[in-house]
Each structure stands twice: as C-alpha cells, then as structure tokens.
Amino acid sequence: MPTFSRDELEEMVQRWVAGNDEAGQTGDWSKMSQFYTEDAVYTWNNGEKWDFAARGRQQIHDWVFGTEMAGLEHWVYPYVRTLIDDKKGEVMGLWRQIGPDKNLEGEAYEIAGTGGSWFRYAGDFKWSWQRDFFDHMNAGMVFGSMSQNGHLKPQMQERLKKGSRMPGWIRRSDFNWYETISDREDS
C-alpha cells in the first residue's frame, strides 16, 4: 500500500468538501466524478437485500452522480467531521443530508441519523474506493413526508417507483462489499 503525506490527504479532503459544497449549491453533481480513479469502486447498502455498486469512473459518473442524484439536485451534504488515517491513506467523512424544501413546520427537510463516507485515497487527488452509510429508515420517512406534502420531485418519485431496478442496485447475495477491502484487518 503506498503512503501519502498528511498534507496531501488534507488537501484532498479540502478539494472534495469544496466540490461537494459547490455541487449542492449549483445542483450539478456531475463534476464530482473527477475525484475518482478510472477503476474506482463506490458502494453503499440499500436495505436488507440490496446494495448499490458502481465500478469505474464512468459508472460513478452515470449512476452515483447521475441517476442516484436525480431529484436531489439541490440537497446539501455538509461535512461535520473528517478523520484522516495517513498511514492507511483512508478518510472517514461524516455528513448531514438537508433538502432545499421546507416541511409544514417551516424547517428544511433533513434525513436524521449519521451519514458518512469511508474513502481510500489513490494519489493524484483521486479516490479509488468509497463506502457510504446512512439511515435508510429515516430517508424513507423523509421522502414519504415530502411526497405527502407535495415536495418530492418527479425524478425522485420515478426513482422510488423503480426501486431495485435502478442502475447499480445488486442483490446482497450476489455482491459482498466487504471483499472489496483489499487489506482488511481481520484477514
């Protein structure tokens, strides 16, 4: 495993967070794929039976920052903490999920619980691996409330109807995200 300087990792985090903030403000998430290697892997859990997996920068561009962000264009994901492991070249980022619309109480819709991303750095200011985690039950409740209040965007309504037929969704029985970690400590 190559080692990277603490300064380089900190600069990567600064670039990433700035890009994330800009994407939330502009609603254009497409530029975020520039932060990944050609062969990067990006995954997250989609409930009891499903995971999401994008393999390679093109799938990350098309699916993670394309189809998966449809209807969430102006949501913001402010980072509240980043932890850097400069020995492993890994970063853990914890973030919030806040929508642009307000609920009936006049507060911004927010998916409660902790959201986070675990990154593996590859050098050249690119990630080679990412695993996200967030609270699906709270996300479902927020989207249900938004739908009831007429605030759920048509693109998100369509995504929810498609469910596991969305690009990148894969049965957990056919995909083990844990095996994508090349240097597990329990090996």
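Between Q58, Q157, Q130, the GNM of the chain built on Cα springs shorter than 10 angstrom shows Q157 fluctuating the most. In order along the stretch 12-20, the phi-based Karplus estimate (6.51 cos²θ - 1.76 cosθ + 1.60, θ = phi - 60°) of 3J(HN,Hα) comes to 4, 4, 4, 4, 4, 5, 5, x, 4 Hz; Gly and Pro are listed as x.
Site pair D174 and S5 shows an inter-label distance of 4.5 nm when each label is modelled 7 Å from Cα along Cα→Cβ.
As a ratio to 2.2 N^0.38 Å, the alpha-carbon radius of gyration computed for the stretch 45-187 takes the value 1.12. Multiplying the residue separation of N138 and E105 by 0.36 nm and subtracting their alpha-carbon distance yields 10.1 nm. Projecting the alpha carbon convex hull of the stretch 103-181 along each direction and taking the average yields 7.5 nm².
For trypsin sites (Lys or Arg not before Pro), the sites in the stretch 80-187 that DSSP calls loop and that have at most 14 other Cβ atoms within 10 Å are K87, K88, R184. Using R0 = 35 Å, the C-beta based FRET efficiency linking Q25 and D183 works out to 0.45. The loop-placed GluC sites (Glu not before Pro) in the stretch 49-137, going by DSSP, that have at most 14 neighbouring Cβ atoms within 10 Å of their Cβ come out as E105, E107. Annotation for the stretch 124-187: GluC sites (Glu not before Pro) lying in DSSP loop with at most 11 further Cβ atoms inside 10 Å of their Cβ are E185.
Filter the cross-link list K31/K87; K49/K88; K31/K153; K31/K162; K102/K153; K49/K153 down to pairs whose alpha-carbon distance in this structure exceeds 19 Å. The answer is K31/K87; K49/K88; K31/K153; K31/K162; K49/K153.
For the chain, the relative contact order comes to 23 percent (Cα pairs under 8 Å, sequence separation of at least 6). Each Lys and Arg Cβ is given +1 and each Asp and Glu Cβ -1; about its Cα centre, the chain then shows a dipole of about 580 debye.
Once you reduce the stretch 144-181 and the stretch 81-133 to the center of their Cα atoms, the two points are 18 Å from each other.
Coordinate-derived values only; no laboratory data. Here the structure is a predicted model, which means the values were calculated and not measured. Counting neighbours? That spans all protein chains shown, and the Cβs are built from the backbone with ideal geometry, glycine included.
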